[in-house]
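Report on one structure; see the data block that follows.
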Amino acid sequence: MNRQPGHFAATPNETTIGGRLHRPSGSGGDCLILTHGAGANCDSPLLVALAEEFVSSGMTVLRFDLPFRQARPHGPPPRGSAERDQLGLRAAVESMRQQTAGRVFLGGHSYGGRQASILSATEPGLVEGLLLLSYPLHPPQRPSELRTSHFPDLKTPTLFIHGTRDGFGSPDELGAALKLIPARTELLPINAAGHELMTKKNREELPKMVVEAFGAFVGA
């Protein structure tokens, strides 16, 4: 398999797509677009490890820098950037549809996953499935401020990967919230993991667990 990702840049409809593209040795197949959390970029250790494992399974992977990160190398997304970040994700999906023959999936860690889910709720059928890593259900220690207003409109099959020590919501809290989603969902708890998901103890097994779970979920 080709484990050396190439730099990827395109500008469809005046929306810049930047990131790292991993292609398996075979042609065709499905594609996963993976994006990052509010404080990271597409080179975060979690995204790199997952991309390498997914490409080993035969899937093309685009590690995508959201527009806010393309505009500034450090810091959280500025106020009002969510809509632009969603437009960036849509442009990435459109670009990868032109380059791959199989299904296109969208995934992201924390903020990136939230934007992917909001976009998918707004545009049903945009992608064939979602992979949401550490969905930020609510701000830490503020469990009443749920980020679920779009859940009733989410019709895309979605796999949630969530640490049992995540301060942005426990697996039990997230499991209760998933009842709002009309699409097929599944929740994979990661024992002893926090919001970052990957730890020193699970860094070898976590990527394999996620790839196997997602493959089973989407029927790969």
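Side notes on the structure shown:
- Restricted to the stretch 84-101, and to residues there that are polar (S, T, N, Q) and farther than 13 Å from S120 by Cα, the residue that is nearest to the chain's Cα centre (by Cα) is S95.
- Hits in the stretch 60-84 (condition: without any contact (Cβ under 8 Å) to a residue 40 or more places away in the chain and either touching a strand residue (DSSP E or B) at 6+ places or on another chain (Cβ under 8 Å) or in a helix (DSSP H, G or I) (or both)): F68, R69, A71, A82, E83, R84
- Any chance L87 is in a helix (DSSP H, G or I) and either in contact with a Ser or Thr (Cβ under 8 Å, 6 or more places away or on another chain) or surrounded by fewer than 17 Cβ atoms within 10 Å (Cβ to Cβ) (or both): yes
- Cβ-Cβ under 6 Å pairs, at least 6 apart or on other chains, the stretch 135-156 side touching a residue at least 24 places away in the same chain (Cβ under 8 Å), far side of a type in the set (D, E, K, R): P136/R114; L137/E173; H138/E145; P139/E145
- Meets criteria (out of contact with any Pro (no Cβ under 8 Å at 6 or more places or on another chain) and under 29 Å from E212 (Cα atoms)) for T60: no
- Flag if A51 is of a type in the set (A, V, I, L, M, F, W, C), assigned to a loop (DSSP other than H, G, I, E, B) and either farther than 17 Å from L131 by Cβ or at pLDDT 90 or above (or both): no
- Search result, residues across the stretch 179-200 that are at pLDDT 95 or above, among the charged types (D, E, K, R) and more than 21 Å from C31 (Cβ to Cβ): K179, E196
- Residue count, the stretch 137-166 (criterion: of a type outside the set (D, E), closer than 19 Å to T199 by Cβ and touching a Gly at 6+ places or on another chain (Cβ under 7 Å)): 3
- For S134, the conditions (1) modelled with pLDDT under 95; (2) at positive phi all hold with the exception of (1).
- Residue ID - surrounded by the fewest Cβ atoms within 10 Å (Cβ to Cβ), chosen from residues in the stretch 24-60 that are over 20 Å from E94 (Cβ atoms) and among the acidic types (D, E): D43
- Test result for L119, of a type in the set (A, V, I, L, M), over 20 Å from L206 (Cβ atoms), modelled with pLDDT of 95 or more and over 15 Å from the mean Cα position of the chain (by Cα): no
The values are calculated or read from the model by the stated rules, or taken from the named source; none is laboratory data. If you're wondering where the values come from, they're calculated on a predicted model, not measured in any experiment. Cβ atoms come from the backbone with ideal geometry, glycine included; neighbour counts cover every protein chain shown.
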